[in-house]
Amino acid sequence: MGKQIVKLMNNYFFVVTDSESPERVEGINIEKISRKTIAKSEKLILKIDFNNMKNSDYKNILKKLFTVKKKMSRKKITFGIKGQENILLGYLINYDKNDQKHIDFIHGINAIFHSTLYDMYSYIYDVVCGYLDYQFAANDLCGFKDDKCVCDKKMGCCAGFKKCKYLGDEFCSIKCISCKLFTCPHLWSEGVRFYIKDILLLETFFNEVQKYLILVSVFLPKDIIMMRILPVPWNIKI
Ligand code: SF4
Ligand code: SF4
């Protein structure tokens, strides 16, 4: 059987290993990442053992990795082992590709290994929109039937108090993360509400002002929301 790999952006990839001796797998334990551990390592590759991390630690580990990666980039030091076309970023141990928490953590790593802050934020934006779309569709949250939701609102958008210029004949024609995060009081009463603090990528990589802007920028397309949340200059290298 071939090796199972997880592809990331910029030609990075992880190898998934089911080694019975995780201690023998090479790499820097991601939960211990710091400039000190990096200075001591011969190979700058990551070892991610999901049995060694609690879900509640994911945010801090990703934040630390992001800080270290930015500092290294400034010194032109890069992670990974370069092959002919791809770069081995490390190994995943006890990884469950069906576990949403594991998937979210890998999305976080993938975000960090983009080249610019714009690309990173754009990736996070798209992943979170995809996640929210999936939640609505897979769980049939709004119960659409004959072009109307359970609250009798039109298919595609429930912003009844304002005619939005982005509502096409049937559906919303843009990708507005703030609208996608919105649920109405009826859905709240059913226990359906999306909080930024529960969405790892948003909670980890944005500050309080950015989170507020992500929450309130309804009726706006992605490019405008991106401009609101990105610091200037927009193409900062990370
Ligand atoms: S969020 Fe509420 S009002 Fe909006 S479409 Fe869904 S069920 Fe209808
Ligand atoms: S941008 Fe928001 S308010 Fe406008 S159509 Fe799309 S979902 Fe509805």
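Throughout, read-outs are computed from the coordinates displayed, never taken from laboratory work. Since this is a predicted model, take the numbers as computed values, not measurements. Note: ideal-geometry Cβ built from the backbone for every residue, glycine included; neighbour counts use all protein chains shown.
Judged by the ratio a/c of the largest to the smallest principal axis of the C-alpha gyration tensor, the range 140-229 counts as oblate, that ratio being 1.5 or greater while a/b is no larger than b/c.
Of all lysines in the structure, those lying under 16 Å Cα to Cα from residue 163, and not within fewer than 8 positions of it along the same chain, are 153, 154. With the Cα gyration tensor of the range 4-115 giving a ≥ b ≥ c as the square roots of its eigenvalues, does the rule (a/c under 1.5 for rounded; else a/b larger than b/c for prolate; else oblate) give rounded, prolate or oblate? Rounded shape, in that the Cα axes give a/c under 1.5.
If each DSSP helix of 4+ residues adds -39,500 (n - 2.57) and the sum is divided by the residues in the chain, what number results at 222 nm, nearest 500 deg cm²/dmol?
-11500 deg cm²/dmol
For the chain, what does the relative contact order come out to in percent, with C-alpha contacts under 8 Å and a separation of six or more? After rounding, I find 19 percent. Treating only the Cα positions of the chain as identical point scatterers, give the base-10 log of I(q)/I(0) from the Debye formula at each q in 0.07, 0.10, 0.14 Å⁻¹. Once normalised to I(0) and log-transformed, intensities are -0.28, -0.56, -0.97. Tally Lys and Arg at +1 and Asp and Glu at -1 over the other residues with C-beta under 14 Å from the C-beta of residue 61: what net charge comes out? Summing Lys/Arg as +1 and Asp/Glu as -1 gives +3.
Can you tell me how the range 42-93 classifies by the Cα gyration tensor, rounded, prolate or oblate, using a/c under 1.5 as the rounded cut?
Cα axes put the range 42-93 in the oblate bin.
With a threshold of 21 Å on the Cα-Cα distance, the over-threshold entries among 59/222; 64/237; 36/69; 3/32; 32/70; 32/54 are 59/222; 3/32.
Give, as a single signed number, the net charge of other residues whose beta carbon lies under 15 Å from the beta carbon of residue 141, with Lys and Arg counted +1 and Asp and Glu -1. For residues surrounding residue 141, the net value is +2.
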